[in-house]
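Student: Before anything else, here's the structure in question.
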Amino acid sequence: MCGSTLAKAATMSQVAMPQTKSFNYSDRLAAGTIAAGGTLGIMIPPSVPLVIYGIIAEQDIGLLFIAGILPSALLILLFMLAVSITVYFDPDSAPVAKPLEPARKKEAVRGTLPILVLFIVVLGGIYGGVFTPTEASGIGAFGAATVALLRGHLRTLTEWRSCLVEAAITTSKIFIVLFGAAVFSQFINLSGLPYDLLDYIDDKGMDGFELVLFVCLIALLMGMVFDSIVIIVLLVPVFLQALMSTGVDMVWFGIIVVLVTEIGLLTPPIGMNALVVKSVLPQVALADIFKRGDTVHCCVVDWIGGGVQLPGSCNALARHNALVLPILGDRFKQCQSRFVLLLQ
């Protein structure tokens, strides 16, 4: 939700590392898992990079969110499998912890339940056509403020001012990125680069699959240095016309390019996520973070599997929900209209 994979890695390093220390997990396992886990949020709706990609490529943001469900679920399962395999062969890296008391479990469930309900309401409303993404953002903000008030926060002007200022700063950053992307896209079009690229593709006889592989290679190399949003802003406007002319499904391509940039963030010799975790946790050796190669391999496996399966499974899920959920949303709106008429 914050939009920056590097920011998520830095935040989780400060939050999760003390907890792993309390359970006597090895630094190598904990730091490597945090570095890899920082890449998960970019695929799970609501994803800021997917929103920016949808605006630049003029694609349905709701379809992009739905299309990201299967890849993100697969990525989570592969990460969990990688950690399980590591612990199986090296039990000392994650000793068995004492089970939580039932009272603590219930307290944890009660603490997370409102956020889970808010998440389902917001995304379910978007997918079902009950309200637009803009309306969903307002409902999400109102729901989050209500939860905060019930938990004893946002009850002073200082807290409200801090919350609103941070929201304004985050929103302004996103709009600055979008304005820059629009200007950059216009300059690219005026330069004639997309048309030269189309001529080059015709001369070389490249099909859509070869072009996607070429773009993925560039995104992988850029992912070692840049954040995912920067890559999307720089890369998509250049190849957009060429990809569309070769018949590439832009929803599928959006998921693929996001996955590839995340692989680059974990790939030596640079691996920006690993460097960020190292800067926050100087006591952990950089080599130990990179040696968590099993998680990186899971990313590669997910990307390869996604390259083969996403056009069928991912788009099938997105198109199916795009047809079924709006019908449910229309019925809900009809019931809502009848209820309003009764009140009048």
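The values are calculated or read from the model by the stated rules, or taken from the named source; none is laboratory data. This is a predicted model, so every value here is computed, not measured. Using ideal geometry, Cβ is built from the backbone for each residue, glycine included, and neighbour counts are taken over all protein chains shown.
Student: May I ask you to list pairs of residues, at least six apart or on different chains, whose Cβ atoms are under 9 Å apart, with the first in region 24-44 being on the phi > 0 side of the Ramachandran plot and the second being modelled with pLDDT of 80 or more and in a loop (DSSP other than H, G, I, E, B)?
Tutor: Asn24/Ala94; Asn24/Pro95
Conditions tested, residue by residue: (1) buried (at least 20 other Cβ atoms within 10 Å of the Cβ); (2) of a type in the set (Phe, Trp, Tyr); (3) part of a helix (DSSP H, G or I); (4) at pLDDT below 75.
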| position | (1), (2), (3), (4) |
| --- | --- |
| Ala242 | yes, no, yes, no |
| Gly247 | no, no, no, no |
| Gly254 | yes, no, yes, no |
| Val257 | yes, no, yes, no |
| Val260 | yes, no, yes, no |
| Leu266 | yes, no, no, yes |
| Pro269 | no, no, no, yes |
| Asn273 | yes, no, yes, yes |
| Val277 | yes, no, yes, no |
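Student: Mind listing just one residue for me: the one in region 153-172 that is of a type outside the set (A, V, I, L, M, F, W, C) and over 29 Å from Val51 (Cα atoms) and, of those, surrounded by the most Cβ atoms within 10 Å (Cβ to Cβ)? Working first, answer last.
Tutor: If we filter region 153-172 for residues that are of a type outside the set (A, V, I, L, M, F, W, C), which is where we start, we get 153, 155-156, 158-159, 161-162, 166, 170-172.
Still in the list and also over 29 Å from Val51 (Cα atoms): 153, 155-156, 158.
Values: His153: 13, Arg155: 10, Thr156: 9, Thr158: 9.
Across region 153-172, the extreme among qualifying residues is His153.
Student: Report, ordered by the first and then the second residue, all pairs with beta carbons closer than 8 Å, sequence separation of six or more or different chains, a first member in region 68-94 that is in contact (Cβ under 8 Å) with a residue 12 or more places away in the chain and under 12 Å from Leu40 (Cα atoms), and a second member that is in a helix (DSSP H, G or I) and small (Gly, Ala, Ser).
Tutor: Short answer, once both residue conditions are applied: Pro71/Gly306; Leu74/Gly305; Leu74/Gly306; Phe79/Ala36; Phe79/Gly37.
Student: Oh, and also: Which residue out of Glu159, Glu166 is part of a helix (DSSP H, G or I), in contact with a His (Cβ under 8 Å, 6 or more places away or on another chain) and either farther than 30 Å from Trp252 by Cα or among the β-branched types (Val, Ile, Thr) (or both)?
Tutor: Values: Glu166 fails: in contact with a His (Cβ under 8 Å, 6 or more places away or on another chain).
Every option except Glu159 fails the conditions.
Student: List the pairs whose first member sits in region 226-237 and is free of Cβ contacts under 8 Å to residues at least 60 places away in the same chain, whose second member is assigned to a loop (DSSP other than H, G, I, E, B), and whose Cβ atoms are under 8 Å apart, counting only residues at least 6 apart or on separate chains?
Tutor: Leu234/Phe226
Student: Condition check: assigned to a helix (DSSP H, G or I), of a type in the set (D, E, K, R), buried (at least 16 other Cβ atoms within 10 Å of the Cβ) and at pLDDT 70 or above. Does Glu210 satisfy that?
Tutor: On the way: assigned to a helix (DSSP H, G or I): yes; of a type in the set (D, E, K, R): yes; buried (at least 16 other Cβ atoms within 10 Å of the Cβ): no; at pLDDT 70 or above: yes.
Spelling it out, it is not the case that Glu210 is assigned to a helix (DSSP H, G or I), of a type in the set (D, E, K, R), buried (at least 16 other Cβ atoms within 10 Å of the Cβ) and at pLDDT 70 or above.
Student: Which pairs turn up if I take residues in region 191-216 that are under 17 Å from Ile255 (Cα atoms) and touching a residue at least 12 places away in the same chain (Cβ under 8 Å) and look for partners that are loosely packed, with under 13 Cβ neighbours inside 10 Å and of a type outside the set (Lys, Arg) with beta carbon separation below 6 Å, at least 6 apart in sequence or on another chain?
Tutor: Gly208/Gly247
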